[in-house]
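K.L.:
Structure below; questions to follow.
The values are calculated or read from the model by the stated rules, or taken from the named source; none is laboratory data. Quick caveat, the model's predicted, so the values are computed rather than measured. Note: ideal-geometry Cβ built from the backbone for every residue, glycine included; neighbour counts use all protein chains shown. These accessible areas exclude ligands, DNA and RNA; they are computed on the full protein's heavy atoms, side chains included. Shrake-Rupley method; radii C 1.70, N 1.55, O 1.52, S 1.80 Å.
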Amino acid sequence: IFSKSTPSGQALFIVGDEGIILKSNNQGLIWEKINSNTVSDLNAIDIGYSDTGYVVGSNGTILRSADGGNSWQIISGGTTNTLNDVRIINSDGMRVIAVGENGTFLKLTDGAWVSSQIDTADLNSITYMTIVGNSGTILRSTDSGINWNRMISPTTNHLNYISSANGFILGDSGTALQINGNNIFTIKTGTFNNLYGLDNYDNRYTLCGSNGTILYNYGNFQSIYINTTENLNSILKTNIDKCFLVGDNGKIFFTGNINLTPNAKILNSNSIAAWFFNNGLFNQHAGFGSGGFEWPRGENKTARFSSGSLIGAIVNGDTLVTVCDYDSEYLPGYTDNNGMPNGNESPDYRLYKLVYGINDSDRIDWPNILLGNSDQGAPVYYDSLTLSYKPIDYGNQTMFYSYTDSYLSSHTHYAGRTDPLKVDIKQINYSFNQPEELKNIIYQEFRIINRSTSVWNNAFINLYTDDDLGSASDDAEGVDTNLSLAYTYNSTNNDGIYGPNPPAVGFAVIRSPLIFTGNSNDSVFYYEGKKKRIKVGYKEIKLGSTAIYHDDSWQPRNYRESYNAIRGLKNDGTSYINPVTNQPTRFVYSGDPVTNTGWINFGGDDKRFYQGFGPMNINPGDTQVIVIAQVIARGSSNINSITKLREATVVAKQYYDNCFEDVVIGINNISQNVPDNFYLSQNYPNPFNPVTKINYTIGTSQLSISSFISLKVYDALGKEVAVLVNKKLNAGKYEVEFDGSDFASGIYFYSLYINENLMETKRMLLVK
């Protein structure tokens, strides 16, 4: 598929087998067939600025157009070898190059075609400087195509496509490379399907390939679901949201929202800014080439690159594994009672984010049937004052989304993919902006449901993370089994990005999976917005394993190796041996770097780890719940940062176990002194972008020591846009934060009400 700008707009072209040429003058709504005067298979098209165009195909077929592709004539290029690609290399269309099978190279100069053999491999795609072909062939020219020399290729896979815009090369078995000068870099795509085409808009890359493969770059390439297993041979993005794909058997696919599935939002109510996707991935940046766990927020330093989960089990004798690491085998949606996936194509199955006090579309559409919305079971409570259900704010910011692995086509992580487990996950993420000890913590709850009709035997549930703690090359790993804390720290006391005394970051297990005891004295509770959700007759199982990998080559390469990894075994299924005790272990680096005892990770490099639970049997319809805290801390040295991380882990568990009863969401009491009168301060900073703070004082001279306080924000037209405070407060001095990230620039007003009486209004200015 090819796009050509014309004086009247943008024309689209498709070429294919049996002489097919299609053209659209209305953005692909209607396609007309153009007479090609041939029945040969056509493989490539290019049309220059002067409206001179060329098409090449089987048996040496060359077609030429002088009117922008409206009519075509057959011309001779002096070869009968199949031609796979063609490029016009000057504005008047008089210099053209083409490549094909058996190393064929054609060059048109001053109206004459010259054919030569420049290699023995089939050549598949060409730019002005570079040609790629079978068996990893990469040819470069430094003299305008007179001579071509082989580069040292990092692969022997067939290479199918090279982009003239950025040097991206795509090939079989998920191969992706990029040429930069004389260097060739390998890019991880997360698929073993063949890749045939690439296009980008505003540096957002989308790839296509065999078996319905579509990959979109959200920092790493991730699978996008499409309801086909046809080979997708070419792709064209006409803007950042619109994409055409063409494939086998005459299929043309179009989407107007390729960037919406999966969708991502950032949780940033405290000192951490972390990205989450509604396909289960998190800590990936929703952009290109950087981590998605920024700390401290606003300093453009990241501690984690990509995180997710793995679940594996034996089901009816088969080993089934669902992987979510750099890409995901989950898609938004759910599994119905017939075991069929649903929801991925519905805008209802997006990521919802509540910001305390903000009445936006996510709050209005919060997906619970009790609110008249999508029946996804997002947490709600019954408000006895309004006699209605409302969304629960777990923290200052709260996320909810649901996703499933039941789409078979999404299981593309390995060449030998497994069938779906039919697992549904409902995920809640939340964080607090005070007190101080909660500002470096994010909480995440995973409700994992067996939606199949079979028992998951010997099931293991794992958290996965690739931690790049500033510079990735000096990372070290450890596990504290007493605290159920797996962590990354710096192997030296100076990091290339964080500098001296670098921080440590980890996953702290707050609630692990449960086993049924039947004993009424056993119970476990879960936080649900200042309320407890209690399960009686259950107790938690302990952290089961950590497996740590030093680089990409060590990571599991197929589902069997993944199942071994999530059991705390080596890829081949053998046990790790603790070099200090010489005993088998399922906990890698379980020593203590602080006291320098036990098995310690000496030396640093790029690492990633699995942290898991199991084995367990999960019956059809059963739910397992895991709650973790992402914790980061910085001490007086790289080793002291581990101590501070452990202290923060204890605090994270204590606050959860106390149901956050002392945490007032959205309000910070900044003084213990009891004032005599009320006062509403001017917000600071002002103007602001996008966050500002508002101080106010409630005094003893008001109607009572304990008064009902409201602090509301209005736009310039007087429309209420946010409620920052709406509860009883004792006399005191308070501070609240207003986040204008989701609002347009302009003048806003904030008003303080005490017992429904308007006390004062002030103006503030949001400037973006």
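K.L.:
Among N166, N231, N194, N182, which is open to solvent by 50 Å² or more (accessible area, probe 1.4 Å) and among the polar types (S, T, N, Q)?
P.N.:
Answer to the check: N182.
K.L.:
Okay, moving on. I'd like the residue in the range 157-198 that is out of contact with any Ser or Thr (no Cβ under 6 Å at 6 or more places or on another chain) and hydroxyl-bearing (S, T, Y) and, out of all such residues, is modelled with the highest pLDDT.
P.N.:
Here the answer is Y196.
K.L.:
Out of the residues in the range 500-518 that are more than 22 Å from K535 (Cβ to Cβ) and touching a helix residue (DSSP H, G or I) at 6+ places or on another chain (Cβ under 8 Å), state the one that is most open to solvent (accessible area, probe 1.4 Å).
P.N.:
N501
K.L.:
Let me ask something else. Here are N571, N578, N601: which of them is at pLDDT 90 or above, more than 17 Å from G308 (Cα to Cα), surrounded by fewer than 19 Cβ atoms within 10 Å (Cβ to Cβ) and among the polar types (S, T, N, Q)? Before the answer, list the steps.
P.N.:
Numbers: N571 fails: at pLDDT 90 or above; N601 fails: surrounded by fewer than 19 Cβ atoms within 10 Å (Cβ to Cβ).
Result of the check over N571, N578, N601: N578.
K.L.:
Right, something else. Can you spot a residue in the range 266-289 that is at positive phi, outside any strand (DSSP E or B), open to solvent by 30 Å² or more (accessible area, probe 1.4 Å) and at pLDDT 80 or above?
P.N.:
Scanning the range 266-289 turns up no residue that is at positive phi, outside any strand (DSSP E or B), open to solvent by 30 Å² or more (accessible area, probe 1.4 Å) and at pLDDT 80 or above.
K.L.:
Let me ask you something else. For the range 706-740, which positions are of a type in the set (G, A, S) and either at negative phi or outside any strand (DSSP E or B) (or both)?
P.N.:
Passing the criteria: S706, S707, S710, A716, G718, A722, A731, G740.
K.L.:
Only one of (1) assigned to a loop (DSSP other than H, G, I, E, B); (2) aliphatic (A, V, I, L, M); (3) open to solvent by 10 Å² or more (accessible area, probe 1.4 Å) fails for L370. Which number is that?
P.N.:
Exception for L370: condition (1).
K.L.:
Residue pairs, Cβ under 7 Å, 6 or more apart or interchain, first in the range 686-697 and closer than 11 Å to V736 by Cα and touching a residue at least 24 places away in the same chain (Cβ under 8 Å), second open to solvent by 40 Å² or more (accessible area, probe 1.4 Å) and outside any strand (DSSP E or B). List them.
P.N.:
What qualifies is T692/P685; T692/N686.
K.L.:
Can you say whether V674 is within 23 Å of Y750 (Cβ to Cβ), at pLDDT below 85 and assigned to a loop (DSSP other than H, G, I, E, B), as far as the supplied structure shows?
P.N.:
No.
K.L.:
In the range 709-734, what residues are within 14 Å of K693 (Cβ to Cβ) and open to solvent by 30 Å² or more (accessible area, probe 1.4 Å)?
P.N.:
K733
K.L.:
Can you tell me which residue among D365, D383 is free of Cβ contacts under 8 Å to residues at least 24 places away in the same chain and under 20 Å from F277 (Cα atoms)?
P.N.:
Exactly one residue qualifies, and that residue is D365.
K.L.:
Something else now. With (1) crowded, with 23+ Cβ neighbours inside 10 Å; (2) modelled with pLDDT of 95 or more; (3) in a loop (DSSP other than H, G, I, E, B) as the list, and Y403 as the residue in question, which single condition is left unmet?
P.N.:
So the condition that Y403 fails would be (3).
K.L.:
So, one more: I need a count of the residues in the range 500-545 that are at positive phi and either free of Cβ contacts under 8 Å to residues at least 24 places away in the same chain or within 25 Å of the chain's Cα centre (by Cα) (or both).
P.N.:
2
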